[in-house]
1. Can you give the convex hull volume of the alpha carbon atoms of the range 178-308 per residue, in Å³?
2. Would you rank THR74, THR526 by solvent-accessible area, highest first, keeping every protein chain in place and using a 1.4 Å probe?
3. Hey, if we sort TYR546, TYR584, TYR125 by accessible area with the 1.4 Å probe, largest down, what's the order?
4. Tally up the carbon and sulfur contribution to the accessible surface of the chain as a whole percent, 1.4 Å probe, everything protein left in place.
5. Any idea what the relative contact order of the range 149-240 is, in percent, if you count C-alpha pairs under 8 Å spaced at least 6 apart?
6. Suppose every Lys and Arg Cβ carries +1 and every Asp and Glu Cβ carries -1, with no other charges. What dipole size does the chain come out with about its Cα centre, to the nearest 20 debye?
7. Relative contact order for the chain using alpha-carbon pairs under 8 Å, separation at least 6, rounded to a whole percent?
8. Any idea what the relative contact order of the range 349-408 is, in percent, if you count C-alpha pairs under 8 Å spaced at least 6 apart?
Amino acid sequence: MGDDIPNIPNKRTGGIVIGGKIAPIFFNTAEDSGAFPLQCDVYQMNTGDVIVIRPYEGKVLNAQGEEIARFDMTPLTLPDEVRAGGRIPLISGRDLTAKARLALDLPPTDLFIKPIAPKDTGKGYTLAQKMVGKACGVTGIRPGTYCEPKITTVGSQDTTGAMTRDELKELACLGFSADLVMQSFCHTAAYPKPVDIKLQHSLPEFMSSRGGVSLRPGDGVIHSWLNRMILPDTVGTGGDSHTRFPIGISFPAGSGLVAFAAAMGAMPLDMPESVLVRFKGEMQPGITLRDLVNAIPYAAIQKGELTVGKQGKKNVFNGRILEIEGLPDLKVEQAFEFADASAERSANGCTVRLNKEPVIEFLTSNIVLMQNMIDNGYQDARTLQRRIASMQAWLAKPELLQPDADAEYAYVLEIDLNAIKEPLLACPNDPDDIKPLSAVAGDKIDEVFIGSCMTNIGHYRAAAKVLEDAGIIPTRLWIAPPTRMDEAELREEGAYAVFGRAGARTEIPGCSLCMGNQARVADKATVFSTSTRNFDNRMGKDANVYLGSAELAAVCARLGYLPTAEEYLATVGDKLSKNSAEIYRYLNFDQMAEYAPKKVIPITEIAG
């Protein structure tokens with residue numbers, strides 16, 4: 001798509017992207033490549049049609065000159081981005097022009113379209129608006145404001161890492177300005193092709209020589225690691241739509257913008273509006289956090305704010321920030337389930353309002369993990385040590401930003417926990433198509449996948465409890481924990497022995513079936529998965545994929561079909577309720593002897 005760039009092989013610029021709804025990470029990637037992305041009704045357009053786009057009128061015409069769609073050209077600076085060949089060239093050119101004219105004692109140019117600041121309503125700020133404001137050195141940022149927040153944490157994964165590397169070379173980046181940049185190899189670790197192995201050998205040195213932290217193949221999923229590097233109330237980005245922070249906020253981006261953020265320590269942002277999701281009431285027996293994750297689109301469907309059908313699709317979350325409150329005592333690992341799933345809502349970012357205690361517990365644990373990484377030769381050690389010092393500084397004076405009581409939201413969605421009495425799951429093949437278990441009970445399940453960044457160690461303990469006396473199960477079960485630390489602890493505790501007796505296939509920690517570029521399920525299989533999304537053909541050709549909790553996944557694996565709500569609740573009630581505190585115990589590295597700092601015995605100088 002687009003036009004060749006003179007003297008730059010294998011890279012193009014320009015082109016036009018038209019979609020009814022374009023996910024934020026893809027919209028931004030189009031902007032960064034100099035393309036013209038526009039969102040409008042596409043159902044009067046067919047392959048081969050000739051259309052006329054009138055950008056400044058916001059109209060699409062057919063070959064006969066009839067209007068077939070309308071659109072708003074946003075952001076306001078989009079024409080300049082297209083003319084400049086992308087946002088990064090525009091930012092660079094605009095800044096250089098301003099500095100040159102200042103040096104030449106010339107007035108500011110009117111050549112560029114200037115972002116228009118939105119009217120200040122005088123109301124308070126949301127949590128996200130305060131986080132971005134803090135990164136910009138102000139109290140808060142209003143929706144619609146163009147800003148360039150400081151980027152504190154950046155993540156890069158292996159399927160886009162080579163492109164990010166090339167973009168960094170074009171930027172002549174010899175050292176990162178972002179405080180911490182992390183590179184993973186989670187998407188290709190299990191079944192690497194020769195080109196993947198070559199990248200696994202060359203990319204770590206490229207990243208660490210610039211101050212980045214490189215993980216190793218088999219370490220696990222980038223998100224599960226990057227979460228442990230985050231500082232509270234800071235802003236970050238990453239080259240994957242699931243780079244979503246459980247503390248702080250992240251705006252995922254394409255490889256070009258990830259490289260820019262890593263190199264410059266800032267990124268361009270048109271501040272989105274926010275949707276508040278407020279939970280109230282008490283969680284009911286047998287209900288899991290994944291059910292609450294699915295309750296968000298389910299409640300929006302009930303309210304008419306989200307539709308499942310693609311034609312004329314309505315999605316109140318699209319392009320906005322999802323802000324979640326009402327569950328303040330979640331562990332940070334649990335909060336990530338909500339932040340992670342905001343990608344499937346097509347949200348631009350997500351915040352989860354937590355109390356200080358779980359954040360203090362999380363950072364205390366992560367300091368020990370990072371020191372263990374230094375002890376085991378992970379580079380760049382200086383970056384890890386700097387992040388340890390920043391966490392220690394926060395722990396010395398733990399304070400979290402809070403939303404203002406009069407903050408304005410584009411929409412407020414309230415969810416009553418008392419009303420959720422059975423599991424909720426996404427049905428084939430759309431993560432928005434949420435139904436209660438009773439609506440789909442009895443469907444035969446061929447394969448079950450328990451893995452992805454949506455899982456943590458508690459899910460695998462729960463699955464092992466459900467399966468411990470099952471014998472050989474009637475389904476093909478895949479197990480892929482998110483990190484090597486989870487895998488090691490589960491082996492030590494005997495969970496892997498249970499999975500082995502059940503006949504499960506255990507995979508190296510990483511993305512596994514979730515990504516769809518490694519192993520695959522059987523053609524036309526009906527699958528129950530804990531992964532992030534279930535788009536057509538992602539996990540297997542013509543596969544029908546349900547998405548839900550690890551607890552329900554284990555019951556499906558044991559039975560070979562989707563249980564009734566009564567069967568499910570009886571099983572988890574018998575197997576899990578009595579031991580829930582031990583099952584849902586998270587990895588606190590400061591309490592684990594194997595992660596204790598290595599002792600250094602000083603050499604005593606002997607006087608001559």
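1. Numbers: hull volume 23.4 nm³, N = 131.
It is 179 Å³ per residue.
2. The ordering from most to least exposed comes out as THR74, THR526.
3. Values: TYR546 15, TYR584 65, TYR125 40 Å².
Descending accessible area places them as TYR584, TYR125, TYR546.
4. Within the chain, the accessible surface is 53 percent carbon and sulfur.
5. Working: 136 pairs, mean separation 40.6, N = 92.
For the range 149-240, the relative contact order is 44 percent.
6. With only Lys, Arg, Asp and Glu charged at Cβ, the dipole is about 600 debye.
7. 14
8. Numbers: 21 pairs, mean separation 25.3, N = 60.
Averaging sequence separation for qualifying contacts and normalising by length gives 42 percent for the range 349-408.
The values are calculated or read from the model by the stated rules, or taken from the named source; none is laboratory data. Model, not experiment: these values are computed from the prediction. Every residue, glycine as well, gets a Cβ built from its backbone with ideal geometry; the counts of neighbours run over all protein chains shown. Heavy atoms of the whole protein, side chains included, go into the accessibility calculation; ligands, DNA and RNA do not. Shrake-Rupley method; radii C 1.70, N 1.55, O 1.52, S 1.80 Å.
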